1. Just checking, does the range 78-88 include any residue being under 29 Å from V176 (Cβ atoms), within 14 Å of the chain's Cα centre (by Cα) and of a type in the set (D, E, K, R)?
2. Hey, can you tell me all the residues within the range 185-206 that are on the phi < 0 side of the Ramachandran plot and under 23 Å from the mean Cα position of the chain (by Cα)?
3. If T89 meets every condition in (1) surrounded by fewer than 19 Cβ atoms within 10 Å (Cβ to Cβ); (2) under 30 Å from Q199 (Cβ atoms); (3) not small (G, A, S) apart from one, which number is that one?
4. If you take the residues in the range 69-86 that are among the charged types (D, E, K, R) and surrounded by 16 or more Cβ atoms within 10 Å (Cβ to Cβ), which one is farthest from S156 (Cα to Cα)?
5. Please find, within the range 10-45, the residue that is surrounded by the fewest Cβ atoms within 10 Å (Cβ to Cβ) out of those that are touching a residue at least 40 places away in the same chain (Cβ under 8 Å) and either under 17 Å from V64 (Cβ atoms) or among the charged types (D, E, K, R) (or both).
6. I'd like to verify a number: residues in the range 149-177 that are at pLDDT 95 or above, out of contact with any strand residue (DSSP E or B) (no Cβ under 8 Å at 6 or more places or on another chain) and within 30 Å of V210 (Cβ to Cβ), how many?
7. I need the full set of residues from the range 46-60 which are in a helix (DSSP H, G or I) and either surrounded by 18 or more Cβ atoms within 10 Å (Cβ to Cβ) or aliphatic (A, V, I, L, M) (or both), in order please.
8. Looking at (1) within 15 Å of the chain's Cα centre (by Cα); (2) assigned to a loop (DSSP other than H, G, I, E, B); (3) under 28 Å from P225 (Cβ atoms), can you tell me which one A103 breaks?
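The values are calculated or read from the model by the stated rules, or taken from the named source; none is laboratory data. Quantities reported herein were computed from a predicted structural model and do not represent experimental measurements. Note that each Cβ is placed from the backbone with ideal geometry, even for glycine, and that neighbours are counted across all protein chains shown.
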Amino acid sequence: MKILVLGGMHGNEPLGPEVVKLFKAAPVAGVSAVLANPEAIAANRRFTEEDLNRSFPGDPISDVYEIKRASELMNLCKGYDLVFDFHNTTCPDNDCTFVGQSAKPLLFAVSSWFGLRRVVVADYDCINKYIPACISVEISLQSRLMDPKWWYDKISELAKMSDVLSENGVVRYKFVYRMTLEDEDRLGLAERNLKAFRQMPTGVASRLGVSSPAYPIFIADTYTPYNYGGVLNKIDV
């Protein structure tokens with residue numbers, strides 16, 4: 001299996017660049033590792049001009065760094081069976097993966113194999129929408145999975161496998177709403193004690209205009225202080 005590891009799609013999220021660093025120091029057959037947004041990483045900022053993960057599919061002749069970089073990453077990803085895109089959140093207990101609506105079935109099995117059985121299907125503009133082989137890994141800073149060496153070892157093992165186990169235990173979700181700061185004030189969300197992937201009160205979901213049961217994620221994530229969080233619904237398979 002040919003694997004690409006992308007670290008630092010958002011330049012101030014630490015796990016991905018550390019995983020890339022390990023693969024650069026000790027290369028593994030079948031695995032390539034690339035810093036997704038090196039300029040933002042160097043500046044320790046989420047992005048320089050535009051959010052890279054909202055810049056896909058990109059434009060090779062754009063004057064905006066992230067838009068041009070998105071086009072470069074699109075071309076790079078096409079040569080791989082599996083692409084890992086690492087992210088972090090400050091929201092506790094939020095470990096999960098994101099895939100696109102056209103995701104390869106392999107991605108769900110891979111997520112299960114890593115013990116990440118909560119998979120969010122995203123339909124908005126992001127790398128997952130345009131790269132069916134891309135699985136974005138979201139890890140809380142407090143998580144035991146904030147361990148670059150663990151990821152290095154597991155991805156190295158995966159690269160040698162001819163078959164991945166089934167998607168046993170995977171629960172699929174759909175991203176349905178982005179909670180705004182205005183929602184936070186209007187509904188007093190900070191006092192609601194919302195927890196990632198725990199069902200929110202039906203009345204709150206109704207006032208947000210989403211169906212119940214609904215599940216919040218990225219609650220008060222300081223990497224994205226311009227939003228309060230996201231809302232998911234489960235997908236029946």
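1. Yes, that holds for at least one residue.
2. Pass one, the range 185-206, residues on the phi < 0 side of the Ramachandran plot: 185-187, 189-192, 194-196, 198-206.
L194, K195, A196, R198, Q199, M200, listed by residue number.
3. Going through the list (1) surrounded by fewer than 19 Cβ atoms within 10 Å (Cβ to Cβ); (2) under 30 Å from Q199 (Cβ atoms); (3) not small (G, A, S), T89 breaks only (1).
4. Step one: filter the range 69-86 for residues among the charged types (D, E, K, R), giving 69, 72, 78, 81, 85.
From what is left, the residues that are surrounded by 16 or more Cβ atoms within 10 Å (Cβ to Cβ) are 69, 85.
Values: R69: 26, D85: 15 Å.
If we take residues in the range 69-86 being among the charged types (D, E, K, R) and surrounded by 16 or more Cβ atoms within 10 Å (Cβ to Cβ), then R69 is farthest from S156 (Cα to Cα).
5. K21
6. Within the range 149-177, residues that are at pLDDT 95 or above, out of contact with any strand residue (DSSP E or B) (no Cβ under 8 Å at 6 or more places or on another chain) and within 30 Å of V210 (Cβ to Cβ) number 0.
7. In the first step, residues of the range 46-60 are kept if they are in a helix (DSSP H, G or I); the result is 52-54.
If the condition is that a residue be in a helix (DSSP H, G or I) and either surrounded by 18 or more Cβ atoms within 10 Å (Cβ to Cβ) or aliphatic (A, V, I, L, M) (or both), then L52, N53 are the ones that fit.
8. So the condition that A103 fails would be (3).
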